[in-house]
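Working notes for the structure below.
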Amino acid sequence: MECSRSRATQVAHVELERDASKQLQGAAMEAANRGMRFINACMRMNEEMQQLPQLTAQVKELGRKVDEFESQLNRLVPR
């Protein structure tokens, strides 16, 4: 009788360990997936940040062209 209780207890412990192992593995996979999403987001942001100097130059050039247009318009259209 004592032997069967001991065996049942051992089986229960093995099942608990198996369940805990599955939960831990699932949590680790979820953490890895979140980490990869974060890394990918950082890489996309880094690529976008590298384009900022070009965008800044384009905005400055557009501003110069708008100023030039206004200057020519002011010369052509009397106020």
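Along the axis of the charge dipole computed for the chain (Cβ charges of +1 for Lys and Arg, -1 for Asp and Glu, origin at the Cα centre), the listed residues 66, 28, 43 are led at the positive end by 66. Here each label is just a point 7 Å from Cα along the line to Cβ, and for residue 22 and residue 8 those points are 2.2 nm apart. The candidate values were (i) 72; (ii) 43; (iii) 56; the one computed from these coordinates for percent of Cα pairs over 19 Å apart carries the label (i).
Solvent-accessible area of residue 19, all protein chains in place: 70 Å² (probe radius 1.4 Å, heavy atoms, ligands and nucleic acids excluded). Counting only Cβ charges, +1 for Lys and Arg and -1 for Asp and Glu, the dipole size of the chain around its Cα centre is about 180 debye. For the chain, the fraction of 1.4 Å probe accessible surface lying on carbon and sulfur atoms is 60 percent.
Any idea of the accessible area per residue across the chain, 1.4 Å probe, to the nearest Å²?
Details: 7660 Å² over 79 residues.
Result: 97 Å² per residue.
The values are calculated or read from the model by the stated rules, or taken from the named source; none is laboratory data. These figures come from a predicted structure and were not determined experimentally. Quick reminder, even Gly has a Cβ in these numbers, built from the backbone with ideal geometry, and neighbours come from all protein chains shown. For accessibility, only protein heavy atoms count, side chains too; no ligands or nucleic acids. Shrake-Rupley method; radii C 1.70, N 1.55, O 1.52, S 1.80 Å.
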